[in-house]
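Participant: Got a structure for you, written out below as structure tokens; questions coming shortly.
None of the figures in this text is laboratory data; all of them are computed from the coordinates on show. On a predicted model such as this, the values are computed, not experimentally measured, just so you know. Positions of Cβ are backbone-derived with ideal geometry, glycine not excepted, and every protein chain shown enters the neighbour counts.
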Amino acid sequence: MRTRARPYCVLNVAVSLDGKIATYRREKFQFPSRRDRDRMDRLRAEADAILIGGTSLRVDDPPLFVRDPRRIRARVRRGLPPQPLGIVASRSLDLLSGSRFFREDPGRRIVVTVRRSPATRRRRLERLAEVWIAGERDLSPERLLLRLRRRGVRRLLLESGGALNHAFLAAGLIDEVYLTVCPLVISGSTAPTPFDGPGLVASATRPARLLSARRVGQELFLHYRLLPSRR
């Protein structure tokens, strides 16, 4: 899918030294620093929409908004809404209706699911947010991005987990990665990573170009542009 026909996709993720994003128990556990959270706020301010997965919503229920008032004012000056669209993707729709995601900024929340998701849950969530179908059994990132582009979304920030990130990666739909390496080891063969899923064959792997690298305290802040796969 040509970049101009879809939103530009930016992944922001913080990992441990051994490349994990959470413990094997998926506990609520915030290990990045204040500086990393400030970078996340900046990336959110640059985005038209933010995408998370259902597991992230159930475990963390993160506040999907820009915090810095100066960045909010800058968005408004550029003709953007004060806050980006909030989007959650879930096949099961096992989402708590009382979560922060649905309480904050109602009317600018989208739930993306598949046609085979439970109909009763879809009807319940339709009272709280827009519900979009993007796939039959598995989520289709391409279908989601086409609909978001029609909605006016030009830049999508991925704050999703490994399975959803892998789906976007495998489809060749991640353009940039902001990676923070944090000073701790989590370990565990079942602890989630930024890209979980069936994996890629060698010819489909994505090379990357390092755009910037910065050490702040004990963290490394890396910024990459992903290049086309070798196939």
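Participant: Have a look at Val201, Val76, Val59 and tell me which one the Gaussian network model of the chain (Cα, springs below 10 Å) gives the largest fluctuation.
Facilitator: Maximum fluctuation in the GNM of the chain, among the listed residues, is at Val201.
Participant: I'd like to know which of Pro82, Gly53, Ser99 lies farthest towards the positive end of the charge dipole of the range 3-226, counting +1 on Cβ of Lys and Arg and -1 on Cβ of Asp and Glu.
Facilitator: About the Cα centre, the residue reaching furthest to the positive side is Pro82.
Participant: Taking 0.36 nm per intervening residue step and subtracting the Cα-Cα distance, what contour gain separates Arg122 from Leu220 on full extension?
Facilitator: 31.2 nm
Participant: Mind running the shape call on the range 39-107? Use the C-alpha gyration tensor, a ≥ b ≥ c as the square roots of the eigenvalues: rounded below 1.5 for a/c, prolate if a/b tops b/c, oblate otherwise.
Facilitator: Prolate shape, in that a/c is at least 1.5 and a/b is the bigger ratio.
Participant: For Leu145, Leu17, what's the fewest-to-most ordering of other Cβ within 10 Å of each Cβ?
Facilitator: Leu17, Leu145
Participant: Turning to a different aspect of this structure: For the chain, what is the mean residue ellipticity at 222 nm derived from helices alone (per DSSP H run of n ≥ 4: -39500 (n - 2.57); sum divided by total residues; nearest 500 deg cm²/dmol)?
Facilitator: My calculation for the chain gives -7000 deg cm²/dmol from helical runs alone.
Participant: Taking a ≥ b ≥ c as the square roots of the eigenvalues of the Cα gyration tensor of the chain, is the shape rounded (a/c under 1.5), prolate (a/b larger than b/c) or oblate?
Facilitator: Judged from the Cα gyration tensor, the chain comes out rounded (a/c under 1.5).
Participant: Still on this structure: Under unit Cβ charges (Lys, Arg +1; Asp, Glu -1), what dipole magnitude, rounded to 20 debye, does the chain have relative to its Cα centre?
Facilitator: 840 debye
Participant: At a 10 Å Cβ-Cβ cut-off, how would you order Glu130, Glu176, fewest neighbours first?
Facilitator: Glu130, Glu176
Participant: Using the basic label-point model (7 angstrom from Cα toward the beta carbon), what is the Ser187 to Ser212 distance in nanometres?
Facilitator: In this crude label model, Ser187 to Ser212 measures out at 3.5 nm.
Participant: Using the basic label-point model (7 angstrom from Cα toward the beta carbon), what is the Ser203 to Ala171 distance in nanometres?
Facilitator: Once both label points are built, they end up 2.3 nm from each other.
Participant: Provide Leu128, Leu184, Leu85 in ascending order of the number of other Cβ atoms located within 10 Å of each residue's Cβ, fewest first.
Facilitator: With the fewest neighbours first, Leu128, Leu184, Leu85 line up as Leu184, Leu128, Leu85.
Participant: A further question on this structure: Using the beta-carbon distance between Arg25 and Arg100 and R0 = 22 Å, what value does 1/(1 + (r/R0)^6) give for FRET efficiency, to the nearest 0.05?
Facilitator: Between Arg25 and Arg100 the formula returns 0.55.
Participant: So, in nm, how far is label Ala5 from label Arg58 when the simple model puts each one 7 Å beyond its Cα toward the Cβ?
Facilitator: So the two model labels end up 3.5 nm from each other.
Participant: Run the dipole for the range 1-74 about the Cα centre, Lys and Arg Cβ at +1, Asp and Glu Cβ at -1, nothing else charged, and hand back the magnitude in debye, nearest 20.
Facilitator: Here the size comes out at about 200 debye.
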